[in-house]
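What follows is one structure encoded as C-alpha cells, with my remarks underneath.
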Amino acid sequence: MHALTNIPIPSILEIRSGIRHQLDSILHKHGFHHALFLFDAFTYDAYAESFQKSKHVTINVQKMEPGQTIQDLIAFAFTLDSYDVVVAMGGGQIIDYGKYIAFSRKLPFISMPTSASNDGFASSNCSLIVNQKKATVPAQVPFGIIADLEVIQQAPSHFLLAGVGDLMSNITALYDWEFEERHGKGHVNAFAAMLSKKAVNSFIRTPMTDLQNPIFIKELVSSLTMGGVATVISGNSAPISGSEHLISHALDKQLSKPYMHGIQVGLATYIMANVQNHRALRMKKVFERTGFFHYVKEEKIQKSSLAEAILFAPSVKPSRYTYLHDQTFQQKALSFLESDHTLQDVLV
Ligand SMILES: [Zn+2]
C-alpha cells in the first residue's frame, strides 16, 4: 500500500478588509519574533511605516529595487541573519523575490498581495531572471497568505481582470490535462483536478457586474489560492496551466513588451475553450460581464502576434501534450482566431 500523500499547505490564510493591521498579532500567534518585511517602491511608500510600530514582533522593513537576478537574491539572502520569517507585500515581483529569499534560507514565507492579477501569491514557483532570461524557478508554497481586500480594491480594475483571466484558465488547463492522460502522456491527479475545478466553478457563480465589490474580490482571491494549492498537490502546474498558458509564454518570448500575464492567458483561454469546444459560451459570458473583452480592446493586441504564439506554443513545453500539440486542433485555433466575431472586434 502507498503511504498517504503529505503536502505542505499554507498555515495562515486570511482574506479580509483591514487584515494588514493585525499582522503583528498574526505573527506573534504563530510564534515568530523577528520578521524581515520586503516592499517594492510603491508599497514601501504607502504602507511600510505603518508596520514599524509593532508590539510583539520585531519587524525590519526593506525596500527592494526591481530587476534583481536569482544570483542577487541568493547573495542578499545570505547577508541576512536572525530572522525567523520573511514577509513580502506588493505585486507579483516582490512576492517572487520574498518567496525565493525565504526558500534559499529555509525560512517560512508570508505573502501579502496588493493585487489579484494572477495566482503567483499562492503558488510554489516563482518567476526570476536566470542568465538574463525570465525563468520559472521552483521554491515552496507560502507558509501564509494575508490578502487585505481594502488594499486589493485600490489596484486598477484591469489587475482584477487579469486575475479573472488567470483563474478562468483552470477550465481549459484541466481539459488539456485530461486530453494528455487520454493520450498516455500524463497522469491526472484527481484531487488536484477537483480542487482546481471547484475553485473556478465557485467563482463563476459570483455576481460580476461590480469588480470592486469585496465579495467578488474575496471569491477571486480564494479561488486563485485554491488553484495554487492544487499545483502543490499534483507537483506540477498542470491543474491550472495548459495550452492557454503556453500561448501566453510564447507571447512573453516574442513581444518586446508583453501584456499582463492574466490578460494574455484570459484571451488564450477564450480561444482554447472554443478549440476544445468545452464551456466556451460560459467563458464568453464571464469575459463580457466583467469587462475583460472591453479592456482587451483598449490594449490593441495584434491578431498576428496571437497567430504566431499559437504556432510557437507547443515548443515551449515539448514534454506536454495539450490540444495545441495536436496539429488539427492547432489549425482549429488559427481559424477560430480569423473567424470569431468577438476576436475580430477586440483585436487589431
Ligand atoms: Zn497563470
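Bear in mind that the values in this text are calculations on the coordinates, not laboratory data. Computed from a predicted model, the values in this text were never measured in an experiment. Positions of Cβ are backbone-derived with ideal geometry, glycine not excepted, and every protein chain shown enters the neighbour counts.
Each residue in Ile301, Ile263, Ile129 was given a count of other beta-carbon atoms within 10 angstrom of its own, and listing them fewest first yields Ile129, Ile301, Ile263. Each residue of the range 301-316 was assigned a 3J(HN,Hα) from its phi angle through the Karplus expression (A = 6.51, B = -1.76, C = 1.60, θ = phi - 60°), giving 7, 7, 4, 5, 5, 5, 4, 4, 5, 4, 5, 7, 3, x, 6, 5 Hz with x at Gly and Pro.
Karplus-derived 3J(HN,Hα) values for the range 322-338, using 6.51 cos²θ - 1.76 cosθ + 1.60 with θ = phi - 60°, are 8, 3, 6, 6, 9, 4, 4, 6, 5, 5, 4, 4, 5, 6, 5, 4, 7 Hz; glycine and proline are entered as x. Between the range 258-311 and the range 78-155, what is the C-alpha centre distance in whole Å? The range 258-311 and the range 78-155 have Cα centres separated by 27 Å. Calculated [222 nm] ellipticity per residue, helices only, for the chain: -16000 deg cm²/dmol; basis is -39500 (n - 2.57) per DSSP H run with n ≥ 4, divided by all residues, nearest 500. Phi angles of the range 111-128 translate, via the Karplus equation with coefficients 6.51, -1.76, 1.60 and θ = phi - 60°, into HN-Hα couplings of 9, 10, x, 9, 8, 10, 8, 6, 9, x, 5, 10, 9, 8, 9, 9, 9, 10 Hz per residue; Gly and Pro are given as x.
Dipole magnitude for the range 196-348: about 380 debye, using +1 per Lys or Arg Cβ and -1 per Asp or Glu Cβ, origin at the Cα centre. For Ile12, the residues whose modelled amide H falls within less than 5 Å of its own, excluding neighbours fewer than 5 places apart on the same chain, are Gly144, Ile145. The gain in end-to-end length when the Lys253 to Ser202 segment is fully stretched comes to 15.1 nm, 0.36 nm per residue minus the alpha carbon separation.
What order do you get for 83-91, 9-17, 137-145, 164-172 when each peptide is scored by the mean count of other beta carbon atoms within 10 Å, highest first? Display every interim value, and only then the final one.
Numbers: 83-91: 24.1, 9-17: 16.3, 137-145: 20.3, 164-172: 29.3.
Going from most to least packed, we get 164-172, 83-91, 137-145, 9-17.
Here the average projected area of the convex hull drawn through the C-alpha atoms of the range 185-318 stands at 8.6 nm². Return one number: the angle in degrees, 0 to 90 and rounded to the nearest 10, between the long axis of the Cα atoms of helix 243-254 and the longest principal axis of the Cα atoms of the chain. With both axes taken from Cα atoms, the answer is about 80 degrees. Each label point was placed 7 Å from the Cα along the Cα-to-Cβ direction; for Arg105 and Thr209 their separation is 5.0 nm. In degrees, nearest 10, range 0 to 90: what is the angle between the Cα axis of helix 92-104 and the longest Cα principal axis of the chain? It is inclined by approximately 60 degrees.
Placing one equal scatterer on every Cα of the chain and applying the Debye formula, the log10 ratio I(q)/I(0) at q = 0.06, 0.09, 0.13 Å⁻¹ is -0.21, -0.48, -0.99. Taking the Cα atoms only, what angle lies between the long axis of helix 157-182 and the longest principal axis of the chain, rounded to 10 degrees? So the inclination is approximately 60 degrees.
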